[in-house]
Every structure is written in C-alpha cells, then in structure tokens.
Amino acid sequence: MEEMVFEIKRTDENGNMKTQSYNVPKDKVSTVLEALLYIKENLDHSLSFRYSCRMEICGSCAMEINGKPHMACSTTTDSLKGQKVTVAPLKHFKVIRDLAVDIDGFLEKYRAVKPYVIRDDDGKYDSEILQTPEQFHEYLDYSLCIKCGICMAACPIEGSDPNYLGPAPLAAAWRYIADNRDQGKKYRLEIVSGEEGTSRCHFAGECTEACPKGVDPSFAIQKLRSSMVGLEFQRLFRRR
Ligand code: SF4
Ligand code: FES
C-alpha cells in the first residue's frame, strides 16, 4: 500500500522540541486528523493533539499543515502535494504539548470586545425584537466564526505584537455592532479604537484568506474603522 510520511513537530512538557516522522497509509479520502489518529492508535500513543467534532464545527483541530494554518479534520491528505506532510502547532500560540496549544489568551481577547448583545434596557423588553432577513444578513457571515484561531496564526501583526486584539476578536466586535438588536456599539468602538485595536492592522488580508468558515475579518476591520470615523464626526458636531 502507498504511504505518506508525516513529519510532526513535537514539544514535550519541558519545552524540548524534536521532529518525528511516521509512515501513514495513503488513500483518497482520509483527512490529516484521521492520519494523526492512525499514528496515535497504531504507532505512537504519546502524540498529543486536539479535536472533537471532526466536521469543522468545534474549531479545536487547527494546526500548521505544510506551513499554513488549516483545520486537520477538513484537510484531506490527498489534497496535499507530495508524499511528505509537515505538521506543527499553530503559530503565535504557546505550545502546551505537541500540537495542542494554549488558547486562553485568544479567548481573553475575544471576551474583551464584549461578544454578546448589549441592550440599554438590560434585556427588559416586552416583546420580541424583530429582525428582517436583510438585518440578519448584515451580520450572518461574521457569526460563523468557530474560534479556531487560524486567522490569528495567519496574521503577521499577531506574530510581532502579541497584544494586538487580532482578526477574530475584531470580526466579533463587528458581528455584534452589525446586529440591529445590539446597542453596545459605543462600548466596542471605544475598545477597538485603542492602541492594540484596528489601527495595528495593515490589511495584509491573510486572515480572510485563511479562514475556513468564510468569515472576512479584514472587511470587518474596515467596517469598524469607518464606524470610528463616523463616531468622531458625531462627537465633533456635538461639541459645536
Ligand atoms: S474568523 Fe475564521 S479563522 Fe478566525 S477564528 Fe473565526 S473561524 Fe477561525
Ligand atoms: S475536530 Fe472540530 S473543527 Fe476539526
């Protein structure tokens, strides 16, 4: 049977790194995640990685595959060129062990933009808040984020400034601002206009290109920037 070589960058609990190679049977349908499971079940029980849904929903199997961030569960080995696949943990994240990375900092940044509907009435309304299909489509694409961290690994600014809020949290800020039920725009614009907010983005567009769910963080950042300009104009007129 034809085989592929998986070269996996491994890190132990003491931070020691090594690259280890494994031969895995090659076929037309298996994913990188299935190849890793084959290695774990048949060749090396000690290999660590994260996964859950196996269908690009939970966001936990993101890793670098042949030098680019991808979801292991939706990348077929057949789609990769050559007989050798390199696998490494996501860039810009601290490694816990092997391919499992620490996502706490990422989730903290996500929480910082208040990713929930904020109401001036504290949710004490008498009837449903109606939403037209057009209003729903204003934010739908941004709500598809599965918090996989791939855009954070793809973003060159994240690599040089770990405090930068980053593409996914900024896209989440826009997702709620664009929601007609939300009244938290003023709080979020305050947050994203800070030193580590939208001004750090250079519009490389790598985040949008890498996102497996079709979220467009780069466009969300542009929308946030134009909203900030609008807010500044309003403030100026009020002062007069
Ligand atoms: S925006 Fe896309 S790449 Fe970034 S965390 Fe969400 S789903 Fe993943
Ligand atoms: S295992 Fe859930 S996204 Fe891949």
Filtered residues of region 70-107 (kept if out of contact with any Pro (no Cβ under 8 Å at 6 or more places or on another chain) and of a type in the set (Gly, Ala, Ser)): 72, 79, 82, 88
When region 142-196 is examined, which residues are found to be within 16 Å of ligand 1 (Cβ to nearest atom), of a type in the set (Gly, Ala, Ser) and in contact (Cβ under 8 Å) with a residue 60 or more places away in the chain? 149, 153, 154, 159, 166, 168, 172, 173
Is there a residue in region 104-118 that is more than 21 Å from the chain's Cα centre (by Cα) and more than 16 Å from ligand 2 (Cβ to nearest atom)? yes
So which residues in region 200-233 are β-branched (Val, Ile, Thr) and either under 14 Å from the mean Cα position of the chain (by Cα) or surrounded by 15 or more Cβ atoms within 10 Å (Cβ to Cβ) (or both), if there are any at all? 208, 215, 221
Which condition breaks for residue 224 when tested against (1) assigned to a helix (DSSP H, G or I); (2) of a type outside the set (Phe, Trp, Tyr); (3) away from ligand 1 (no atom under 16 Å from the Cβ)? (3)
Output the residues belonging to region 187-203 that are assigned to a helix (DSSP H, G or I) and charged (D, E, K, R). 188, 190, 200
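Readers should treat all values here as calculations from the given coordinates under stated rules, not as data from a laboratory. Not measured: the values here are computed from a predicted model. Positions of Cβ are backbone-derived with ideal geometry, glycine not excepted, and every protein chain shown enters the neighbour counts.
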